[in-house]
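To start, the structure itself, in structure tokens.
The values are calculated or read from the model by the stated rules, or taken from the named source; none is laboratory data. The model shown is predicted, which means the values in this text are computed figures rather than measured ones. A quick note on method: Cβ atoms are made from the backbone with ideal geometry, for glycine too, and the neighbour counts reach across all protein chains shown. Areas reflect the complete protein model, heavy atoms only, side chains present, ligands, DNA and RNA absent. Shrake-Rupley method; radii C 1.70, N 1.55, O 1.52, S 1.80 Å.
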Amino acid sequence: AWTHRWVESKHKSDYGRFVLTAGKFYGDAEKDKGIQTSQDARFYAISSRFEPFSNRDKTLVVQFTVKHEQNIDCGGGYVKLFPASLNQEDMHGDSEYNIMFG
């Protein structure tokens, strides 16, 4: 289950909650499921660990896909790559990170 891989931060009690869904627009209701924000006008914070690696002398490619389905005036999303020392349950906007894009 996705909840075993991903950890939602508990740094703030008013962070929005994520749900697993294919959303409003999909090709296959099961295969196209992904993590979706569930509440408008909220901040969200979720993270997942991966095995240590080295890309020494190699190009590093990090990508993510976003499907905006809400009719909102402003908003956005970004990805941060954190050091392994991150306390995932206390992750917040000022947590140390190595790379950020989005």
Just tell me which lysines come within less than 26 Å, Cα to Cα, of K33; anything on the same chain fewer than 8 places away is out.
K10, K24, K67, K80
Can you tell me the length gained on complete extension of the stretch F53 to E89, counting 0.36 nm per residue apart and subtracting the Cα distance?
10.7 nm
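Helix-only estimate, please: 222 nm mean residue ellipticity of the chain, summing -39500 (n - 2.57) across DSSP H runs of length 4 or more and dividing by its residues, to the nearest 500. Provide the component values of the computation, followed by the final result.
On the way: 1 runs with 4 residues, N = 102.
Calculated at 222 nm, the ellipticity per residue is -500 deg cm²/dmol.
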Once all protein chains are kept in place, D57 shows an accessible area at probe 1.4 Å, nearest 10 Å², of 150 Å²
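Please compute one quarter of the surface area of the Cα convex hull for the chain and express it in square nanometres. Present the calculation step by step, with values, prior to reporting the outcome.
Values: hull surface 32.1 nm².
In nm², the orientation-averaged hull projection of the chain is 8.0.
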Top to bottom by accessible area (1.4 Å), largest first, where do Y15, Y44 land?
Y44, Y15
Exposure rank, largest accessible area first [H68, H11, H92, H4; 1.4 Å]:
H4, H68, H11, H92
Given Cβ point charges of +1 (Lys, Arg) and -1 (Asp, Glu) and nothing else, what value in debye, to the nearest 20, does the dipole of the chain about its Cα centre take?
180 debye
